[in-house]
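Report on one structure; see the data block that follows.
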Amino acid sequence: MNNRPVNQREKPQPLNGDVFQGLNDLGVKNIQVNVPTAGFKPPDTRNLLQDLINSWLNILTHPTMANFKAQGARTSWTVAIASVLVMGIVAGAVGAIRSIFSNVVFGIIGFLPNLLITPFVTLGGFFLVAAVLYLVAGRLGGNGGFSTPTKLLALIAPLYSLALLISVPHNLIFGILGGLVGAYVVFLMWLMVRATHNLNERNAAIIVALPALLVLLGVIF
């Protein structure tokens, strides 16, 4: 409690700045505004790239059901969305390069818009595919949620980007290599569905049949 005489107490100071001018005009001069500065810390994204690389390598090099369940549980949405955006950037670049091969003038003009728009279109399409997989899995008796399978699918997605990059030259050898990588993507998707939705091999294959067809068509054409 402040026991100093009234005449010795600190007088309230007028608020400064145009924002508070109206309050000053009304005689409101004793408002205290506390702005957190020293204690405020922005989100730490310095380890995002490292988390992405470690998650990709873990999924791609240790394709087991137990590992998929563990990785899906510890993967954050930040890492998952960043992974899909990486796929979108690569897909946009591949599409732009193919456009240049088809028509140099229009390919060059559309290169930057294609590169900027495709990642966000890819992100929207990714969540649409994830939702369809989730609904179909539920109809076939799957008991997994939406979060873990979607995060794992996001970590698998950049491998599809690698398949697209390999297939850019459009010749037999690179087409075969891209097809092999695409086939591995399909296998990882199938394993992911089995691990997260607790489905048998047949039902898991039914769920990934349409995405598998889209993956292979994207690599070939």
Q: Could you figure out which of (1) assigned to a helix (DSSP H, G or I); (2) touching a helix residue (DSSP H, G or I) at 6+ places or on another chain (Cβ under 8 Å) isn't true of GLY144?
A: (1)
Q. Which one of LEU172, LEU199 is among the aliphatic types (A, V, I, L, M) and at pLDDT 80 or above?
A. LEU199
Q) Out of curiosity, is VAL104 at pLDDT below 90 and within 17 Å of PHE68 (Cβ to Cβ)? A) no
Q) Looking at (1) in a helix (DSSP H, G or I); (2) out of contact with any Pro (no Cβ under 9 Å at 6 or more places or on another chain); (3) at pLDDT below 90, which is the only condition VAL90 fails? A) (2)
Q) What are the pairs, 6+ residues apart or on separate chains, where a residue within the range 118-130 that is closer than 19 Å to GLY145 by Cα and touching a residue at least 12 places away in the same chain (Cβ under 8 Å) has its Cβ under 8 Å from a residue that is hydrophobic (A, V, I, L, M, F, W, C) and not in a helix (DSSP H, G or I)? A) ALA130/PHE146
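Restricting attention to the range 151-200, which residues are of a type in the set (Ser, Thr, Tyr) and either part of a helix (DSSP H, G or I) or crowded, with 24+ Cβ neighbours inside 10 Å (or both)?
Result: TYR160, SER161, TYR184, THR196.
Quick one: is LEU116 modelled with pLDDT under 85 and part of a helix (DSSP H, G or I)?
Values: modelled with pLDDT under 85: yes; part of a helix (DSSP H, G or I): yes.
Considered against the rule, which asks whether it is modelled with pLDDT under 85 and part of a helix (DSSP H, G or I), LEU116 comes out as yes.
The values are calculated or read from the model by the stated rules, or taken from the named source; none is laboratory data. Just so it is clear, the model here is predicted, and its values are computed rather than measured. Every residue, glycine among them, receives a Cβ derived from its backbone with ideal geometry; neighbour counts consider all protein chains shown.
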